[in-house]
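Written out below as structure tokens is the structure these notes cover.
The values are calculated or read from the model by the stated rules, or taken from the named source; none is laboratory data. Fair warning: this is a prediction, and the values are worked out from it, not measured in the lab. Cβ placement follows ideal geometry from the backbone for every residue including glycine, while neighbour counts extend to all protein chains displayed.
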């Protein structure tokens, strides 16, 4: 039971970090936009929902794209990871639009790549303080 609670806590932590990182990216990069929701609660719910979509896509799609792009990652010494992260951000925008959430990434090259860089940095900072306990 304690393991289940720890996993749920880690899931919620990652959801909050993803949502916060996406929100920070939308504040810094003009081409990443959360639509105008009426009220703070609606905005927070939209950010959390987009964070959930981003997390699910990173858990399900990113490993497949990582394996497929492994030769490019090796060739570029890992720099292609920025492009892979930008693809994930653009995919999040596309899925959010399908579900009816107002989140858009306007331009792939500048907005998505810069946004992915910001999201990576913002997501890294809280993760330094919250470590998952090792499983033996």
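Key figures for this structure:
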| read-out | value |
| --- | --- |
| Enumeration of residues in the range 31-49 that are loosely packed, with under 14 Cβ neighbours inside 10 Å and either touching a residue at least 60 places away in the same chain (Cβ under 8 Å) or under 14 Å from the mean Cα position of the chain (by Cα) (or both) | 35, 36 |
| Residue match in the range 11-25 (condition: in contact with a strand residue (DSSP E or B) (Cβ under 6 Å, 6 or more places away or on another chain) and closer than 15 Å to residue 103 by Cα) | yes |
| Among (1) loosely packed, with under 12 Cβ neighbours inside 10 Å; (2) under 12 Å from the mean Cα position of the chain (by Cα); (3) at pLDDT 90 or above, the one test that residue 124 misses | (3) |
| Candidates 103, 66, 80, 108 - the one that is within 13 Å of residue 32 (Cβ to Cβ), modelled with pLDDT under 95 and out of contact with any strand residue (DSSP E or B) (no Cβ under 6 Å at 6 or more places or on another chain) | 108 |
| So residue 79, is it in contact with a helix residue (DSSP H, G or I) (Cβ under 9 Å, 6 or more places away or on another chain), more than 22 Å from residue 126 (Cβ to Cβ) and without any contact (Cβ under 8 Å) to a residue 24 or more places away in the chain | yes |
| Residues within the range 91-112 that are crowded, with 20+ Cβ neighbours inside 10 Å and in contact with a helix residue (DSSP H, G or I) (Cβ under 7 Å, 6 or more places away or on another chain), tallied | 6 |
